[in-house]
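Note sheet for the following structure.
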Amino acid sequence: MTQTTALPLAGVRVVDFGQQIAGPAVAMVLADLGATVIHIDPPTGPQWKHPANGVLNRNKLCLQLDLKSTEDLTKAHQLIAQADVVIESFRPGKIKTLGIDFDQLRNERPELVTLSMPGFASNDQLRREWKATEAIVAATSGAFTDMGFNRVLMGLNPSFSPLPLGSAYATTLAASSVVMSLLSRERNGRGDSIEVPIAAALMEGLSYNSVVIENMPDRYFTMREHEITYRKENNIEFDLSYEDLQEYLDPFYRTYKCKDGRYFYTVCPSHRNHARRALQVLGIYDELIAEGLPEVSDLHQPIAEWDGETSIGVYPLPKKWADIISAKMKTAFLEKTSTEWGQIFGEGQIPGAPHRTTQEWVNDEHTNAAGLIVEVNDPEYGLMKQPGPIVWLEGLAEPMLTPQPRRNVKFDEALNSLLILAESEQTTRPLGKDIHPADGQGWLSGLKVLDLTNVIAGPHSAAFIGRFGAEVLKLDPVTPLYDPLIGTLFTFQTNMGKRSALVDITTDEGREAFNRLVRSVDLVVINAPERQMKPLGLDHDSLQAINPGVLFCRLDCLGGPRRGPKTDFIGYDDIIQANSGIMSRFGGPDTPEEHAHLGTLDVNCGFAGGLGMAVALYHKLKTGEITRARTSLSAITNLAQVKFAFDYEGRAPFDEASGRQALGNDALSHFYQANDGWFYLDAQPEELVVLDRLEGLRGVADAEDIAAFLREVFSKAPAAYWIDLLHEADIAAAQPLGIEQLREDYSRLADGTVGLDRGSYAFSVYEDHPSGHRVTLIDHYSIRPTEASVKALRSTEAFGASTREVLAEVGYSKADVDSMIERGIAGLGWGREFLPS
């Protein structure tokens, strides 16, 4: 690939009024991709005083303006007049009261893209005026109450996690929306006014928490779920210890202690080859076979028709074999250190990784060599290790690995930087009277995508862009690689809106069908390590030989902009959670625990894949260059941990809230128990004086132990009383809600819309789901453009439902297709039942 050295968003001009994490993070992503960003703080500096500002504001020119001052407001408007994109993250309507009216700006300049990122949606009449901190959004959205089966069995509710997941999901979603709007603007001259509420982004990111499949077959319930049901039915207390809990985990989906006293996490439960390889390198496979380990040839048939009791590659395993295999695996792991096992699993193409802390992750040989961690000489903290880019284009990533430190400038320098760019811009979009009228089309209308992905992250990336008008064809093998839990159940979300075809591309005839499909699309997407690209014929030269101009996007586990020692290792969300410190923080270093939310990193990696595809499309439209978009779970964990994933000489200890007993960040940001239940207080140290003036809280500012003082006081009145009192003083507080309650309050029958008008929470119930079950899912409602449309995707169709239609469209006759199906070159399904019983 011969390409220019300019980054893909070079020339794009951004004015960033964002505060806290989400707004500045979106602007950071755009700046990393080449945009020129002016970041504006109030005269007192950023609202959030934190070293992470050195990360969030890199590659930016920073200045302070007082928008309450007529002179500084005029300066802000001068900057905006030269901008392509304006970003704000205040409460709904706040930016307008400060004198910056997005509607008026876009009436005057329809080419402008504006982005608002409130905590709660502007049409959420109940919560729009709340002080929506990260923790308040999380508490209200069920993120602290629906913390997984482990916490239920241990009787821990609420729980707490300091990960800023709402902001992390909102960052990739909002950055994607900006780039897609810029892409559309190149064609029609129009920008858009976009809102991405943090609460809605969090709900989409934690979408697996929201799924309900009524009358789901028993085979999909884990040992933990059975134990929860048993205890509820028999009124038994939820009091499992961490040690006892381990025996309810699948042997291929749990933590093991190693020779060095440290821990190793395996995640290979639903893929027959991965599980077999794990048992073989552990030296116990032959032993298990000799003891009668059964094997089922076709896991996608109903259990009643299986030719064996169970099989490796089935998740969850029945308790009998789970106990046998776990015991042997526990003994085997003690024979080598966690580092040695990490190398053995990685080289053996088995998903597994040693548990490590975030400090170790930031300073790891691989993350630094691969460009997942970069160095920035920050003016305040000196040489910092910081997260690398979250998306990049192959061949254009090198400049992204040497970010410029944030730089404080005067107004004139900031304005001149924008004026120089504006004067040198070679405009390629319609201008003035040539700007098209708003047509209500999706930003990606007409785009055709071939989706070769599997599991969660990859399929989510293609499903994500479908809502904006992309037409996605999901191509899978005739014989499935995964069991139905991962292979089918997950697709109820990940394959929405896609047509499904089954073709064996390892055969000559199947390969020809594949080539025809590649010729019919604009973009191909896969999740796989780099080493597989040439053998699969998916390297750049091979794809361009089939379809010159076709774009490509690849997601993987440990990949970065450069190669590193672990680039070709495979893995899943949980692997990176373990290796990057998320599990050690959540459970505690000595008792690491999977972060409760299924798809914590996976779904956001999918959103990042969508961002990468949008960037590649924009770059092609602007320059004609054909590129390959990239992201990885490792890049995304850095965004999820942006509050922690940095290091520098003299850095404060990595001692953020950790472990199962953690209920907050500190005494002022913490869960407290009122006389009728829990609520979360999220006050800042400077607000202590405000708390001290409130009825019932006087004396807190002088208390020797603030936490003890607040525990005592708050226990004397109902949570609603305290929350109302705190809200009147503009102190952040909220009761923790559960997903079940949110579903009950905000679900409706699927109606062909995506709930943009329904506030911060919206679920759809699909009564006629193709699986034959009644299914409830979170809406695709977090990105809310004013002019472009967002499409309600149809339910996931059964595997192979469109095979005949798809093959006919690329030139095969009915007789050809019949023959291909008869000989197993193509298929019409993985079993008689979409979701096998």
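What to note about this one:
- Segment 804-837 and segment 609-633: distance between their alpha carbon centers, rounded to Å: 32 Å
- Lys, Arg +1 and Asp, Glu -1 on Cβ, resulting dipole of segment 760-837 about Cα centre, debye, nearest 20: 120 debye
- Between E360 and D676, the simple label model (points 7 Å from Cα in the Cβ direction) yields a spacing of 4.7 nm.
- Annotation for Q47 and R651: the two label points, set 7 Å from Cα along the Cα-Cβ direction, are 2.6 nm apart.
- For G382, residues with placed amide H under 5 Å, excluding near neighbours: none
- Label separation (L749 vs A701): 5.8 nm, computed from points 7 Å beyond Cα along the C-beta direction.
- Rounded D (µm²/s) - the chain, Kirkwood Rh over Cα pairs, Stokes-Einstein at 37 °C, 0.692 mPa s: 119 µm²/s
- Using θ = phi - 60° and Karplus 6.51 cos²θ - 1.76 cosθ + 1.60, couplings along segment 495-510 (whole Hz; Gly, Pro as x): 10, 4, x, 9, 8, 10, 9, 10, 9, 8, 7, 7, 9, 4, 5, x
- Sequence-distant residues sharing a close amide H with F552 (under 5 Å, placed H): V524, T627, A629
- Positive minus negative residues near E649 (Lys, Arg vs Asp, Glu; Cβ under 13 Å): -2
- DSSP finds beta bridges in the chain, and of those with both partners inside it, around 45 percent are antiparallel.
- Between N416 and T74, the contour length at 0.36 nm per residue exceeds the alpha carbon distance by 121.6 nm.
- When only Cα pairs below 8 angstrom with a gap of at least 6 residues are kept, the chain shows a relative contact order of 19 percent.
- Each of the peptides 125-133, 743-751, 397-405 was scored by the mean count of other Cβ atoms within 10 Å over its residues; in descending order, highest first, they stand as 125-133, 397-405, 743-751.
- Paramagnetic reach from K232 in segment 150-167 [backbone N under 14 Å; point 7 Å along Cα→Cβ]: 150, 152-153
- Relative contact order computed over segment 145-216 (Cα-Cα under 8 Å; 6+ residues apart), in percent: 33 percent
- Between amide H atoms placed 1.01 Å from N, distances below 5 Å from D146 occur with I739, all of them 5 or more places distant or on a separate chain.
- Accessible surface area normalised per residue over the chain is 37 Å², counting heavy atoms of protein chains with a 1.4 Å rolling probe.
- The simple Förster model, with R0 at 60 Å and r as the Cβ-Cβ distance, assigns D434 and Q349 a FRET efficiency of 0.65.
- Charge tally around I80: other residues with Cβ under 12 Å, Lys/Arg +1 each, Asp/Glu -1 each, net -1.
- For segment 18-135, the square roots of the Cα gyration tensor eigenvalues, ordered a ≥ b ≥ c, give a/c below 1.5, which places it in the rounded category.
- Calculated [222 nm] ellipticity per residue, helices only, for the chain: -9500 deg cm²/dmol; basis is -39500 (n - 2.57) per DSSP H run with n ≥ 4, divided by all residues, nearest 500.
- Backbone phi angles across segment 483-491, fed through the Karplus curve with coefficients 6.51, -1.76 and 1.60 (θ = phi - 60°), yield HN-Hα couplings of 6, x, 5, 7, x, 10, 4, 5, 6 Hz in residue order; Gly and Pro are listed as x.
- Within straight-line cross-link reach of K75, aspartates and glutamates at Cα separation under 20 Å, skipping those fewer than 8 residues along the same chain: D16, D41, D66, D84, E88, D101, D103, E108, D412, E413, E423
- Each of N515, A608, P529 was placed along the dipole of segment 511-634 (beta-carbon charges, centred on the mean Cα), and the one lying farthest toward the positive end is N515.
- Listed residue pairs exceeding 32 Å between alpha carbons, taken from K320/K643; K328/K643; K232/K330; K60/K131; K448/K534; K94/K474: K320/K643; K328/K643; K94/K474
- Extension gain (nm, one decimal) between K257 and S297, 0.36 nm per residue minus Cα-Cα: 11.2 nm
- In order along segment 71-78, the Karplus-derived 3J(HN,Hα) couplings, from 6.51 cos²θ - 1.76 cosθ + 1.60 at θ = phi - 60°, round to 5, 6, 5, 4, 5, 4, 5, 5 Hz, and Gly and Pro are given as x.
- Qualifying aspartates and glutamates (Cα of each under 18 Å from Cα of K498; at least 8 residues distant if same chain): D451, E471, D476, D522, D768, D779, E797, E805, E809
The values are calculated or read from the model by the stated rules, or taken from the named source; none is laboratory data. On a predicted model such as this, the values are computed, not experimentally measured, just so you know. As a convention, Cβ positions derive from the backbone with ideal geometry for all residues, glycine included, and neighbour counts pool all protein chains shown. These accessible areas exclude ligands, DNA and RNA; they are computed on the full protein's heavy atoms, side chains included. Shrake-Rupley method; radii C 1.70, N 1.55, O 1.52, S 1.80 Å.
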